[in-house]
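K.L.:
Sharing a structure here in structure tokens format.
What follows is calculated from the coordinates using simple rules that are stated; it is not laboratory data. Quick caveat, the model's predicted, so the values are computed rather than measured. Cβ atoms come from the backbone with ideal geometry, glycine included; neighbour counts cover every protein chain shown.
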Amino acid sequence: MSPEELREAGERLYGTWGWQTKLAHELQVDGSTVRRWLSGKVPIPGMAAVAINLLLRCHQTD
């Protein structure tokens with residue numbers, strides 16, 4: 001998952017404001033971790049990408 005894909009997923013799940021904090025809470029990581037992924041400074045772990053994709057699938061069925 002690229003930083004841009006992360007941004008798109010976060011905004012789709014939680015809207016354009018505050019999505020990093022909400023996603024961090026959902027993934028049980030610190031908000032700064034999500035922001036580092038978003039900046040591209042740290043790669044997004046495969047398991048985090050899997051979890052985000054599962055959240056998107058669940059969100060689509062709501």
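K.L.:
Hey, among the residues in the stretch 2-39 that are farther than 14 Å from Leu55 by Cα and hydrophobic (A, V, I, L, M, F, W, C), which one's surrounded by the most Cβ atoms within 10 Å (Cβ to Cβ)?
P.N.:
Here the residue is Trp37.
K.L.:
Which residues, counting only those in the stretch 45-62, are closer than 16 Å to Met1 by Cα and charged (D, E, K, R)?
P.N.:
Matches in the stretch 45-62: Arg57 only.
K.L.:
Take the residues of the stretch 50-59 that are farther than 15 Å from Gln28 by Cβ and touching a residue at least 12 places away in the same chain (Cβ under 8 Å): which is farthest from the chain's Cα centre (by Cα)? Steps first, answer last, please.
P.N.:
Residues of the stretch 50-59 farther than 15 Å from Gln28 by Cβ: 53, 56-59.
Still in the running and touching a residue at least 12 places away in the same chain (Cβ under 8 Å): 53, 56, 59.
On the way: Asn53: 9, Leu56: 10, His59: 13 Å.
Going through the qualifying residues, I end up with His59.
K.L.:
On to the next question. I need a count of the residues in the stretch 28-44 that are part of a loop (DSSP other than H, G, I, E, B), within 11 Å of the chain's Cα centre (by Cα) and within 14 Å of Glu5 (Cα to Cα).
P.N.:
The number of residues fulfilling the criteria is 1.
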